[in-house]
Amino acid sequence: MRIELICLDADDTLWSHESYFQDAARRYNALLIPFADPAYTEARMVEAEERNLHLYGYGVKGFTLSMVEAALDIVGDALPAGAVKQILAIGRDLMRHPIEPLPGVRETLPLLAAQARLVLVTKGDLFHQEAKLAASGLGDHFAGVEIVSEKTPATYARIFARYGAAPSRAVMVGNSLRSDILPALAAGAFALHIPHEFEWARERGEAPLDEPRFAALEGFADLPGWLGRAD
């Protein structure tokens with residue numbers, strides 16, 4: 001069956017993302033060493049992120065606010081103003097991290113766009129996600145951009161309907177089993193997993209190896225070959 005709509009994740013599918021967050025977390029843990037063991041700091045930060053996701057959503061701004069909140073939980077009123085400034089600097093650096101397409105992306109997108117409509121489907125802060133897409137130089141390949149608060153089966157169903165594609169003629173491509181693969185399959189689409197070496201623990205999931213609409217690819221450049229076999 002011919003695929004008519006290709007939905008692509010952005011972070012860690014088109015360009016690197018999680019590695020910069022992990023580097024920011026290491027800088028943050030090192031900053032708080034005078035006040036707490038890094039393992040304790042990391043645990044409090046994870047708790048703050050989970051607690052705040054429904055308020056701030058995904059992205060650097062929410063991550064930065066959670067860093068400040070966790071630091072105050074750990075240190076209290078004794079947290080130096082200089083430490084707060086350094087935490088804000090970590091967040092500012094994250095907002096400005098370089099956007100460089102991952103191997104195979106720049107060469108492969110035109111081939112995909114010649115076969116089906118491309119739609120970018122990503123979570124996160126609207127301003128930052130738009131800025132990253134602009135910085136990537138890849139925007140002209142996409143028929144649409146969907147920046148969503150969460151990726152659920154209902155989210156994907158709405159996107160497929162918006163672009164006039166039956167789920168059975170749509171495919172979602174991404175690095176996250178939890179957000180890109182499992183809910184897209186639940187919505188009736190195909191789903192292609194392209195793993196990235198860095199993975200946020202919250203995005204992990206169990207690969208649905210017995211699902212015929214699922215496939216795992218080694219890299220982005222393998223997408224045209226899969227589309228050829230799907231036709």
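Note on the stretch 1-51: residues that are in contact with a His (Cβ under 6 Å, 6 or more places away or on another chain) and modelled with pLDDT of 95 or more total 0. Evaluate the following for Val46: is it touching a helix residue (DSSP H, G or I) at 6+ places or on another chain (Cβ under 9 Å), surrounded by fewer than 17 Cβ atoms within 10 Å (Cβ to Cβ) and under 23 Å from Arg96 (Cα atoms)? It is true that Val46 is touching a helix residue (DSSP H, G or I) at 6+ places or on another chain (Cβ under 9 Å), surrounded by fewer than 17 Cβ atoms within 10 Å (Cβ to Cβ) and under 23 Å from Arg96 (Cα atoms). Exactly one residue among Arg44, Arg27 is farther than 30 Å from Arg169 by Cβ and more than 22 Å from the chain's Cα centre (by Cα), and that residue is Arg44. When Ile33 is tested against the conditions (1) in a helix (DSSP H, G or I); (2) without any contact (Cβ under 8 Å) to a residue 24 or more places away in the chain, the lone failure is (1). Taking the stretch 58-166 as the region of interest, the helices (runs of 4 or more DSSP H) fully inside it that hold 2 or more residues being assigned by TED's automatic domain parsing to the domain that holds Asp37 and of a type in the set (Ser, Thr, Tyr) are 60-75.
Every residue, every condition in (1) touching a Pro at 6+ places or on another chain (Cβ under 7 Å); (2) free of Cβ contacts under 8 Å to residues at least 12 places away in the same chain; (3) over 15 Å from Gly139 (Cα atoms); (4) surrounded by 15 or more Cβ atoms within 10 Å (Cβ to Cβ), yes or no:
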{"site": "Asp77", "(1), (2), (3), (4)": "no, yes, yes, no"}
{"site": "Lys85", "(1), (2), (3), (4)": "no, yes, yes, no"}
{"site": "Gly91", "(1), (2), (3), (4)": "no, no, yes, yes"}
{"site": "Met95", "(1), (2), (3), (4)": "no, no, yes, yes"}
{"site": "Ile99", "(1), (2), (3), (4)": "no, no, no, yes"}
{"site": "Leu111", "(1), (2), (3), (4)": "yes, no, no, no"}
{"site": "Arg117", "(1), (2), (3), (4)": "no, no, no, yes"}
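Is the stretch 8-21 home to any residue that is more than 30 Å from Asp222 (Cα to Cα) and either among the charged types (D, E, K, R) or in a loop (DSSP other than H, G, I, E, B) (or both)? No, the stretch 8-21 contains no residue that is more than 30 Å from Asp222 (Cα to Cα) and either among the charged types (D, E, K, R) or in a loop (DSSP other than H, G, I, E, B) (or both).
The values are calculated or read from the model by the stated rules, or taken from the named source; none is laboratory data. Computed from a predicted model, the values in this text were never measured in an experiment. A quick note on method: Cβ atoms are made from the backbone with ideal geometry, for glycine too, and the neighbour counts reach across all protein chains shown.
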